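No value in this document is a laboratory result; all are computed from the given coordinates. What you see is a predicted model; the values in this text were computed from it and never measured. With ideal geometry, Cβ positions are generated from the backbone for all residues, glycine too; neighbour counts draw on all protein chains shown.
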């Protein structure tokens, strides 16, 4: 009887071949699934990297635009400061209402710059820092330690991280 079963279609040899073929096909499918999963994971990681890079680019562009807009305000502020300085010297005569109006406009412009992320630097009396200040002069001063800012010629705007413009200052030196 064993002879008949071996020669008959659907015998043990054919079953073994079918099982072996199925195992090979399953292995190929498993390999293909693993390959596709790997490609999918790499694509997801790449998308996440692109998303982070784009967020950084957008923030950098926003800061560049804020800097450009704020820089446009600087000549206006400089002229207001100059007008107030001359008015305070009495050069314009008794024009108190005009002076107060100019002062209010200057204060408003300073507030706009501050909201844009560039606060005005009030540095008189502080230690000179070349990263934040620009020395335009030096004077001997017995009342101030050497390297102390004794006069602000032109105010600076911003902070150490985002400096729009350094303050132009006069620095004390050792008095004789």
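The label-point distance for residue 135 and residue 53, in a model that sets each label 7 Å from Cα toward Cβ, rounds to 4.4 nm. Determine the shape class of the stretch 69-163: with a ≥ b ≥ c the square roots of the Cα gyration tensor eigenvalues, call it rounded for a/c under 1.5, and otherwise prolate if a/b is greater than b/c, oblate otherwise. The shape class here is oblate. Projected label points at residue 111 and residue 145, each 7 Å from Cα along the beta carbon direction, are separated by 3.6 nanometres. Each residue, residue 71 and residue 127, gets one label point 7 Å from its Cα in the Cβ direction; the gap between the two is 3.1 nm. With the biggest extent put first, the Cα atoms of the chain measure 130, 43, 16 Å across the principal axes. Taking the square roots of 5 times each eigenvalue of the Cα gyration tensor of the stretch 119-176, largest first, gives ellipsoid semi-axes of 22, 9, 8 Å. Calculate how steeply helix 12-88 sits against the longest principal axis of the alpha-carbon atoms of the chain, using the helix alpha-carbon long axis, and give the answer as 0 to 90 degrees to the nearest 10. Helix 12-88 sits roughly 10 degrees off the main axis of the chain. Largest GNM mean-square fluctuation among 104, 70, 45, using the chain with Cα springs under 10 Å: 45.
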